[in-house]
Amino acid sequence: MLVDLILKNVKIPLEDRIIECGIAIDKGKIHTIAKTSNLPKGSKIMNLKGNIVFPGLIDAHVHLRDLELTYKEDFYTGTCAALAGGFTTILDMPNTKPPTNTVSRLKEKIEIAKKKIVVNVGFFTSYVSGIKELRRLKSSGAFGMKLYPYDQLGKSVLEDTGIFMKTLAANRVVNLPTLIHAESPQIIDRNEKRLEALQDYSAKAYINAHPPEAEIEAIKKICQITKETRSQLHFCHITLNKSLSLIEEARAIGTNITCEVTPHHLLLTRKIVEKERGNAVMNPPLRTFSEVRSLWEGLIAGKIDIISSDHAPHDLIEKKEKMEKKILPGVPGLETTLPLLLTKVNQNKISIFHMVKILAENPAKIFRIRKKGQIIQGFDADFTIINMKKRSKIDSSEFYSKAKYTPFDGFETIGKPIKVFVNGELAMEDGEILLKPGNGRILYS
Ligand code: NCD
Ligand code: ZN
């Protein structure tokens, strides 16, 4: 038989060893993984020259911003940033304008995304009540429900134990994971009101308004409730040692809780805010060195399930400190996450095998993204090809993202994605996007 494409001379990190082999791809799927001499014939052959092949990487926390916030990012620029950064699948957050919180809004997003995307994209919903609407959302494709400590997006749910329990129970019935931005709405509201009264809109004040207690309080309460409801829960971007121990405690009694950490919380401390000002402001904020150290310990010990970028692009003007207006929190991360983490692999801080788990296998399992996250026969032919030795310097002016800033500007990295395949097609090569808008695929739960 003749397959569409043969990738020869590849190295695949599998469990705890590197397999040298070839991959046959046919109709967008992995047909065979075998020694090159045992592969079927291909209409095309590509020699990957011994570079590392990861399963297509998955970023489960991305704000693509389309529909009405396209001045910050849109489905095309955001998915180009994903490709350039080595991600083949991303899950889009619902805090857009308008928020994704009805079936018709989800469908509207999907229709617009279909024409623009260049990677695989799935969607989360925001707070929705009622089993009937939830069921329809799930069958229209939603991968989970994201709750925020803000109005409209779940604040009242996080504040009210009764409603929260009901929401978790309903999500459990329809088998929808609940994702939480864990910061106590009460603590943040109180602090922000105080700063508004003082008219202090500095980056430092912003960070102080989001203290560790806000995260701890929220995680404590939510873990307690989850112990009773036993529904699937995912904590987004946790930043503290205490959060990890609360989650471990809840897991020990059999709750289905997972958690994520971002590269910025793993690699930066709040000290950098003095230099980077608004460009280093995000929710939750950067913490101290000792928290960063404990996140690494937690990661290495397997207590953290996934790394996500929390790609949260804004316009530069929204990141500036001003006398009269709050800085908008959030940093783009799709184009920095992988080179930064590969640098840590090169420094032996984390193994390449662990990277595959937290950037591909685990997000696919947690959010039940079918046929993705591993290099297995019959799975989708999504691959991220890495040159482990390639050195570069982070330069936000070169981003595909519309958000041309990052607190990592000037950081030197070792290791870079050099090719990306999406559903069997070469989609990115040496930073160049080879797919046309609309060639990505919508994912349905
Ligand atoms: C998020 C965004 O911009 O959408 N920003 C962020 O810093 N993570 C919103 C949020 O989570 O507060
Ligand atoms: Zn986010």
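Here, each number is a calculation from the coordinates, and none is a lab measurement. Just so it is clear, the model here is predicted, and its values are computed rather than measured. FYI the Cβ positions are ideal-geometry reconstructions off the backbone, even for glycines, and counts take in every protein chain you see.
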(request) Would you mind ranking Phe54, Phe289, Phe75, Phe411 by Cβ crowding within 10 Å, fewest neighbours first? (result) Phe289, Phe411, Phe54, Phe75
(message) What whole-number distance in Å separates the alpha-carbon centres of the stretch 115-162 and the stretch 317-370?
(response) 22
(request) Filter the cross-link list Lys227/Lys404; Lys11/Lys365; Lys138/Lys436; Lys11/Lys402 down to pairs whose alpha-carbon distance in this structure exceeds 32 Å. (result) Lys227/Lys404; Lys11/Lys402
(message) Given contacts defined as C-alpha pairs under 8 Å and at least six residues apart, what's the relative contact order of the chain, whole-number percent?
(response) 22
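Between beta-carbons, use under 10 Å as the cut-off and find the net charge around Val62, counting Lys and Arg +1, Asp and Glu -1. Don't jump to the answer; show the numbers that get you there.
Values: positive: Arg65; negative: Asp59, Glu73, Asp92, Asp310.
Its environment carries a net charge of -3.
Going by how many other beta carbons lie within 10 Å of each one, how would you line up Cys21, Cys80, fewest first? Mind dumping the intermediate values first?
Details: Cys21 21, Cys80 25.
Listing Cys21, Cys80 from fewest to most nearby Cβ atoms yields Cys21, Cys80.
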(message) As a test of the formula, what do you get for the chain when each DSSP H run with n ≥ 4 contributes -39,500 (n - 2.57) and the sum is divided by the residue count, at 222 nm and rounded to the nearest 500 deg cm²/dmol?
(response) -9500 deg cm²/dmol
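Quick one: length gained pulling Ser43 to Ala197 fully straight, 0.36 nm per residue minus the C-alpha distance?
Details: separation 154, 0.36 × 154 = 55.44 nm, distance 6.82 nm.
So the chain would gain 48.6 nm between Ser43 and Ala197.
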(request) Please find the FRET efficiency linking Glu15 to Arg135, where r is the Cβ-Cβ separation and R0 is fixed at 30 Å, and quote it to the nearest 0.05. (result) 0.20
(request) Hey, for a label at Asp430 modelled as a point 7 Å past Cα toward Cβ, could you say which residues of the stretch 86-115 have their backbone N under 19 Å away? (result) 86
(request) Any chance you could check the Cα centroid distance between the stretch 185-243 and the stretch 384-408 for me, in angstrom? (result) 30
(request) Kindly provide the GluC sites (Glu not before Pro) of the stretch 67-136 that DSSP labels as loop, not H, G, I, E or B, and whose Cβ sees at most 13 other Cβ atoms within 10 Å. (result) Glu68
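Just order 222-235, 387-400 by mean Cβ neighbour count inside 10 Å, highest at the front, would you?
Highest mean packing first, the order is 222-235, 387-400.
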(request) Taking the Cβ of Asn51 as the centre, find all other residues whose Cβ is under 9 Å away and add up their charges (Lys, Arg: +1; Asp, Glu: -1). (result) +3
